[in-house]
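Quick notes on the structure that follows.
The values are calculated or read from the model by the stated rules, or taken from the named source; none is laboratory data. Note that the structure is a prediction, hence the values are computed from the model and not measured. Neighbour counts are summed over all protein chains in view; Cβ atoms, including those assigned to glycine, are modelled from backbone coordinates with ideal geometry.
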Amino acid sequence: MKKILMLIDESYEHDFCSVCVVCIQGEENIDLVREKVKKMKIDPQLITTSSGDGRHYAEDGIGARQVVASKISTMPISAYICLSETVKLENKQELDEYTYSFMLPKIIKSLMQKYHGSHDEEYDISLEFENLSDKRGNDLVFFEKQISHLRDEFQFSCSVVGKNGEPLIFLPDYFLGFTRDLIIKKRNAEKLLSGSKRKPETWPAQYFNLLANKIGIILLMDEDKIKRFGRGRGVADFLSVHRND
């Protein structure tokens, strides 16, 4: 039975919300990624460019982000992202329910169909969610409820983890931060810098491509419509629209 690990996290900002699933296939690949992440803690480049040994996109400066992008590019992982730039909800609770009951299942179902429909192998699929609160039992009940309808078709297990207990959970956070920055920071920069010659913060093309090439699918959900951008040209074209070159 082949092990499939899916790491899940979400990100909200203004009218923007997104959720990411980072998928790792096979016990050997999972062990390999764990070993690479373990080595990152003692990497001299990260020690000198980062404020701590934990990885969090919002807390890492551009130097640390570039180093992490290089490391991620060597990992046998794929990221799958669903996002909306038009959602308007009142509070985090509503955002959580929308993201995990409506957006996330679009990704999970597609991945489940991929593994169960195109292979003869049996799969042991584990979903690891980053905790929403300090009450992980309650968080698990919430997550299970939002995707319970998928159990009619597929078998999988769920757990709730924190960054201290699951070092790999930073991976979806990084992809979410990367895509959020491309969209939100450019949007804000265009407003703030109108008439100014100063350029906003940007991702150098080298590092942009390292992360973009690890993204398998981006689903853009706006006004009840879903646009799909696939690995390679589709994802690159979508993200390039938001770059500041």
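Points worth noting:
- Residue in segment 128-179 that is modelled with the lowest pLDDT, counting only those that are crowded, with 21+ Cβ neighbours inside 10 Å and of a type in the set (Ser, Thr, Tyr): THR179
- Every condition in (1) closer than 30 Å to LEU150 by Cα; (2) surrounded by fewer than 17 Cβ atoms within 10 Å (Cβ to Cβ); (3) not aliphatic (A, V, I, L, M) is met by THR48 except one, and the failing one is (1).
- Meets criteria (charged (D, E, K, R), out of contact with any Gly (no Cβ under 9 Å at 6 or more places or on another chain) and under 27 Å from LYS92 (Cα atoms)) for ARG151: yes
- Options GLU27, GLU94, GLU59; residue that is farther than 22 Å from LEU168 by Cβ and not β-branched (Val, Ile, Thr): GLU94
- Subset of segment 89-106 (residues that are out of contact with any helix residue (DSSP H, G or I) (no Cβ under 6 Å at 6 or more places or on another chain) and of a type in the set (Ser, Thr, Tyr)): TYR98, THR99
- Among the residues of segment 55-106, those identified as over 17 Å from the mean Cα position of the chain (by Cα), assigned to a loop (DSSP other than H, G, I, E, B) and among the polar types (S, T, N, Q) are THR86, ASN91.
- Within segment 23-34, at least one residue is at positive phi, small (Gly, Ala, Ser) and either in a strand (DSSP E or B) or surrounded by fewer than 14 Cβ atoms within 10 Å (Cβ to Cβ) (or both).
- First in segment 224-243 and in a loop (DSSP other than H, G, I, E, B), second anywhere and modelled with pLDDT under 85, Cβ under 7 Å, 6 or more apart: HIS242/LEU182; HIS242/ILE183; HIS242/LYS186; ARG243/LEU182; ARG243/THR202; ARG243/TRP203; ARG243/PHE208
- Which numbered condition ASN91 misses (of (1) in contact (Cβ under 8 Å) with a residue 12 or more places away in the chain; (2) surrounded by fewer than 18 Cβ atoms within 10 Å (Cβ to Cβ); (3) more than 20 Å from LYS2 (Cα to Cα); (4) out of contact with any Leu (no Cβ under 8 Å at 6 or more places or on another chain)): (1)
- Members of segment 50-103 that are of a type in the set (A, V, I, L, M), in contact with a Phe, Trp or Tyr (Cβ under 9 Å, 6 or more places away or on another chain) and under 19 Å from MET221 (Cα atoms): ALA79, ILE81, LEU83, VAL87, LEU89, LEU95
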